[in-house]
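Trainee: Just dropping this structure here.
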Amino acid sequence: MEALSTFGQLLVAGLLTGLVFALVAVGLTLVYGVMDVVNFAHGEFVMLAMYAGFGLALLGIGPLVGLPLVSIALFLFGIVVYRLFVRRLLAGPPEASVFGTFGLLVLMQGLAQALFTSDYRSVPNPPFQGTVQLGVFALPQAALVEGLGAIVLTAALFAFIEYSPVGRAMRAVSEDRTAATLMGIDVQRINLLAFGLGAACAGAAGALLLLSNPAFPDVGASFALTAFVVVALGGFGSIAGALLGALIVGVMEVLGGYYLSPELKLVPVYLAYLIVVLARPQGLLGRR
Amino acid sequence: MSARVLAVVLAAAFGLTALPGGAPRAADPPPDIVIGSILPLTGALAQTGAGLRAAQELAVDLVNGHVSYPLPAVGHSGLPHLGHARIRIVFADSQGKPDQARVAAEELISQEHAVALIGAYTSSTTATASQVAERAGIPYLNSDSSAPGLTTRGLHWFFRTTPSDATFAANFYQFLTDVAHARKTPTLVKKIAIVGEDGLFGTGAGDAEAALGTQHGYTIATRIAYPATTTEVNAEVQRIKSAAPDAIMIASYLPDALLFMRGFKDQGVTPQAILAQDSGFIDPGFVRALGPDADGIFTRDVFSLDIKHRNHAVPLIDQLFRQRFGGKPLDGNSARDLMGVLVLADAIDRAGSTAPEAIRTALVATNIPGDHTLMPWSSIKFDAQGQNIGGAGIIEQIQDGKYETVWPFDVAVKPVIWPMPAWKH
């Protein structure tokens, strides 16, 4: 009985952890799906959002009120980065976007270090501390809020892509760039929008992650690494896949950490990733 | 011919002869003695590196100055046994990287002709830089790296003033014994959980804690090493909960320290004490983020301004440090590095020579009483491996959001609150 309730607690914790991973992964997969670009600096966008959220918190603006502000700010930031930088990368060979966005990662981390120093910035007395008791399970409120945010964000993005005219245009660009152009879709504009939306997702993720994590220059890297695995596992470009991949990774990490050893908790995750990449390179829900 | 040149010529013609009474001309001042310092001056640790640099520069000024404090080598206008030669530090950047630290050490020895090296903060950079000094036959004094393995490499030229994590682990057990003794119970704590990140810091601390715990008859209920960059610690917290320890010893950086503390609270993990290896637990963000939930946590520290009760130089040096480092107080890192330069200057002075072997012999003979340091140490004396045997840490407890020194009892400013208070919901 004891063992069973521990398992249940771990499973729930794993699912919540997975939702947090999904939060970071959806923006990444959206940009890839539409533009065929893996934005290596996605984690740094999250980092920037966390600093923005921290700044708002200092002004007395809580994370939930701050969330839309941070998302909008990151959307605009994404647009600027696209116009000045990513647009040019798209004109080059495929490697250009790999090295270009990786360079952006290094630049943003370096700038954050120079401007904000490498000190940890944690929000004083953040809201949503404590737990919600669900039967025998204690669910941390911060993780619940983050998880809920992930579900809402994923659902909204999914609905937007599936049902809105712009979303349809995005899918068209993603399926066949040339054909989409011939159909009169402004590919540049769709790319711009997708990159901005991806950055806005990073903004929402950063604002929520601030509930349980301090902001520091390298913070994005730890989340982004998992996000890359999640996206590859779920299928590059698939939003539902990102959610599924994230839940799998979250549950495997937590169960692996308990039943194997905390040192080895990432082993089953990467093993599953390797198997999927070998047996089904497009990922679980990926196309092609 | 400009007026200035004319003045110089006139001075040469008449001025020199006008020197009073043909007194013997003072000999040229002896050349500066160069100490090479390897520090992380750029990169992620640049902030820390800047503080260490400021501390070492302050130490140089204290040695070269004439104001006396109860500290070694200070206030004699240079090194008296070397004709009051001044010391000078040349800094080289390690960028916090072991490879770069090696290059920096090589440059300091071959190009700057440093007579001794000091540095390099992180244990991995100290490891490579000190290998260079070993090959070159130059004394290397480390004042700020705590990996126990650094002094068990059998190096001839390596000395370390700071206690290692093994000492801090021993302090934890001494603390548990002392608290039990004060409360007149034979055993307060039986089962211990050891938790640490899986890098050099966490595993080094954990190894020492586990070995000493077993030796002292404690049960190590669980030992957990988790990936340092992890974003969640659910499994780790559940494992600790299942082990139901009386005390938790933990070595974490700030993000993971916060994850663990929130996890312990959320899952109702309630040991009698949580004993932390500073780092994340003494970061200003720790209390800020946790508020009252931080209360009751014990953390070891290497230094506290409370040491003023033993050496009145502490607040004075603290003031001088604040003046040159943007108002920031002297802390464990800066105090240790300042002390390191003084110990090295003291040895070079006693050697009366800049020959490496002479400096090494003087370092071996070092014997500085604890109240002539800025640290909570009993003395500075090196064993055969070059480790200072007088080193010790202090233990602080967070009480009402403030770090209060509670051990050793003779420098304590507040009594121990035991067991730690229950989590507030």
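The values are calculated or read from the model by the stated rules, or taken from the named source; none is laboratory data. As the structure is a prediction and not an experimental result, all values here were calculated from the model. All Cβ positions, glycine included, derive from the backbone under ideal geometry; neighbour counts span all protein chains shown.
Trainee: Give the residue that is surrounded by the fewest Cβ atoms within 10 Å (Cβ to Cβ), with candidates limited to residues of region B:96-120 that are among the small types (G, A, S) and more than 28 Å from A:S118 (Cα to Cα).
Mentor: Step one: filter region B:96-120 for residues among the small types (G, A, S), giving B:96, B:101, B:104-105, B:110, B:114, B:116, B:119-120.
Next, only the ones that are more than 28 Å from A:S118 (Cα to Cα) stay: B:110, B:114, B:116.
Values: B:S110: 11, B:A114: 27, B:A116: 29.
Per the stated criteria, the residue is B:S110.
Trainee: Here's another thing I want to ask about it. Answer yes or no: is there a residue in region B:189-201 that is of a type in the set (D, E), within 14 Å of another protein chain (Cβ to nearest Cβ) and buried (at least 17 other Cβ atoms within 10 Å of the Cβ).
Mentor: Within region B:189-201, one or more residues are of a type in the set (D, E), within 14 Å of another protein chain (Cβ to nearest Cβ) and buried (at least 17 other Cβ atoms within 10 Å of the Cβ).
Trainee: Taking the stated definitions as given, is A:V267 hydrophobic (A, V, I, L, M, F, W, C), at pLDDT 90 or above and more than 17 Å from the chain's Cα centre (by Cα)?
Mentor: Numbers: hydrophobic (A, V, I, L, M, F, W, C): yes; at pLDDT 90 or above: yes; more than 17 Å from the chain's Cα centre (by Cα): yes.
Judged against the criteria, A:V267 is a match.
Trainee: Follow-up question, since we're still on this one. Which count do you get for residues in region B:299-349 that are among the β-branched types (V, I, T) and in contact with a Ser or Thr (Cβ under 6 Å, 6 or more places away or on another chain)?
Mentor: 1
Trainee: If you don't mind, there's one more thing I want to ask. Of (1) buried (at least 19 other Cβ atoms within 10 Å of the Cβ); (2) within 14 Å of chain B (Cβ to nearest Cβ); (3) without any contact (Cβ under 8 Å) to a residue 24 or more places away in the chain, A:G100 satisfies all except one. Which?
Mentor: So the condition that A:G100 fails would be (2).
Trainee: Given the conditions (1) within 14 Å of another protein chain (Cβ to nearest Cβ); (2) surrounded by 22 or more Cβ atoms within 10 Å (Cβ to Cβ), and given that A:L153 satisfies all but one, which numbered condition is not satisfied?
Mentor: Every listed condition holds for A:L153 apart from (1).
Trainee: Within region A:1-22, track down each residue that is under 11 Å from A:L247 (Cα atoms) and of a type outside the set (S, T, N, Q).
Mentor: Selection gives A:L11, A:V12, A:A13, A:G14, A:L15, A:L16, A:G18, A:L19, A:V20, A:F21, A:A22.
Trainee: Go through region A:188-223 and give me each residue that's over 25 Å from A:D119 (Cα atoms) and either more than 15 Å from the chain's Cα centre (by Cα) or basic (K, R) (or both).
Mentor: Hits for region A:188-223 are A:Q188, A:R189, A:I190, A:N191, A:L192, A:L193.
Trainee: Of all residues in region A:160-212 being polar (S, T, N, Q) and in contact with a helix residue (DSSP H, G or I) (Cβ under 6 Å, 6 or more places away or on another chain), which is nearest to A:L105 (Cα to Cα)?
Mentor: Going through the qualifying residues, I end up with A:N191.
Trainee: Could you list, ordered by first residue, the pairs with Cβ atoms under 8 Å in which the first is in region B:157-177 and touching a residue at least 24 places away in the same chain (Cβ under 8 Å) and more than 30 Å from B:A358 (Cβ to Cβ) and the second is β-branched (V, I, T) and part of a loop (DSSP other than H, G, I, E, B), at least 6 apart or interchain?
Mentor: Qualifying pairs under 8 Å: B:L176/B:V189.
Trainee: Right, another one. Residues of region B:209-233 being within 24 Å of A:A227 (Cα to Cα) and either touching a strand residue (DSSP E or B) at 6+ places or on another chain (Cβ under 9 Å) or of a type in the set (A, V, I, L, M, F, W, C) (or both), which ones?
Mentor: Listed by number, the residues that qualify are B:A225, B:Y226, B:P227, B:A228, B:T229, B:T230, B:V233.
Trainee: Looking at region B:355-409 only, could you name the residues that are of a type in the set (K, R) and either within 21 Å of the chain's Cα centre (by Cα) or in a helix (DSSP H, G or I) (or both)?
Mentor: Within region B:355-409, B:R360, B:K381 meet the criteria.
Trainee: Sticking with this one: Residues being out of contact with any Pro (no Cβ under 8 Å at 6 or more places or on another chain) and either outside any helix (DSSP H, G or I) or surrounded by fewer than 24 Cβ atoms within 10 Å (Cβ to Cβ) (or both): count how many of those fall in region B:241-262.
Mentor: 10
Trainee: Taking region B:277-319, which residues are within 14 Å of another protein chain (Cβ to nearest Cβ) and of a type in the set (S, T, N, Q)?
Mentor: Result: B:S279, single match.
Trainee: Next question, about the same structure. Residues in region B:157-178: is at least one more than 24 Å from B:D293 (Cβ to Cβ), within 23 Å of the chain's Cα centre (by Cα) and within 14 Å of another protein chain (Cβ to nearest Cβ)?
Mentor: no
Trainee: Considering only residues that are more than 19 Å from B:I89 (Cβ to Cβ) and either of a type in the set (S, T, N, Q) or without any contact (Cβ under 8 Å) to a residue 40 or more places away in the chain (or both), look in region B:318-352 and name the one that is surrounded by the most Cβ atoms within 10 Å (Cβ to Cβ).
Mentor: B:D318
Trainee: The conditions are (1) touching a Gly at 6+ places or on another chain (Cβ under 7 Å); (2) closer than 16 Å to A:L19 by Cβ; (3) modelled with pLDDT of 90 or more, and A:F160 fails exactly one of them. Which is it?
Mentor: (2)
Trainee: If B:H181 satisfies all but one of (1) within 23 Å of A:E253 (Cα to Cα); (2) in a helix (DSSP H, G or I); (3) without any contact (Cβ under 8 Å) to a residue 24 or more places away in the chain, what's the number of the condition it fails?
Mentor: (1)
Trainee: Moving on to the next point. Please determine whether any residue of region B:127-144 is modelled with pLDDT of 90 or more, in contact with a strand residue (DSSP E or B) (Cβ under 6 Å, 6 or more places away or on another chain) and more than 30 Å from B:I109 (Cβ to Cβ).
Mentor: Looking for residues that are modelled with pLDDT of 90 or more, in contact with a strand residue (DSSP E or B) (Cβ under 6 Å, 6 or more places away or on another chain) and more than 30 Å from B:I109 (Cβ to Cβ), one finds none in region B:127-144, hence no.
Trainee: Let me ask something else about it. Suppose we filter A:V277, A:V269 for residues that are of a type outside the set (S, T, N, Q) and within 14 Å of chain B (Cβ to nearest Cβ); which single one remains?
Mentor: Residue meeting the stated conditions: A:V269.
Trainee: Sticking with this structure for a sec: Within region A:234-266, how many residues are within 14 Å of another protein chain (Cβ to nearest Cβ) and not hydrophobic (A, V, I, L, M, F, W, C)?
Mentor: Within region A:234-266, residues that are within 14 Å of another protein chain (Cβ to nearest Cβ) and not hydrophobic (A, V, I, L, M, F, W, C) number 10.
Trainee: Collect the residues in region A:216-233 that are away from every other protein chain (no Cβ under 14 Å) and within 27 Å of A:L111 (Cβ to Cβ), keeping them in residue-number order. Full working, then the answer.
Mentor: Here is the first cut: in region A:216-233, the residues away from every other protein chain (no Cβ under 14 Å) are A:231-233.
If the condition is that a residue be away from every other protein chain (no Cβ under 14 Å) and within 27 Å of A:L111 (Cβ to Cβ), then A:V231 is the only one that fits.
Trainee: Anything in region B:367-410 that is surrounded by fewer than 17 Cβ atoms within 10 Å (Cβ to Cβ), within 20 Å of B:Q174 (Cβ to Cβ) and either of a type in the set (D, E) or in contact with a Lys or Arg (Cβ under 7 Å, 6 or more places away or on another chain) (or both)? List them, or say none.
Mentor: Within region B:367-410, B:D383, B:I389, B:D410 qualify.
Trainee: Looking at region A:108-131, which of its residues are at the interface with chain B (Cβ under 10 Å from one of its Cβ atoms) and closer than 17 Å to B:K424 by Cβ?
Mentor: A:P124, A:N125, A:P126, A:Q129, A:G130, A:T131
Trainee: Residues in region A:184-240 that are of a type in the set (G, A, S) and not in a helix (DSSP H, G or I): how many?
Mentor: 6
Trainee: Separate question: If you go through region B:241-268 one residue at a time, how many are more than 11 Å from chain A (Cβ to nearest Cβ) and more than 19 Å from B:G204 (Cβ to Cβ)?
Mentor: Residues flagged as more than 11 Å from chain A (Cβ to nearest Cβ) and more than 19 Å from B:G204 (Cβ to Cβ) within region B:241-268 amount to 6.
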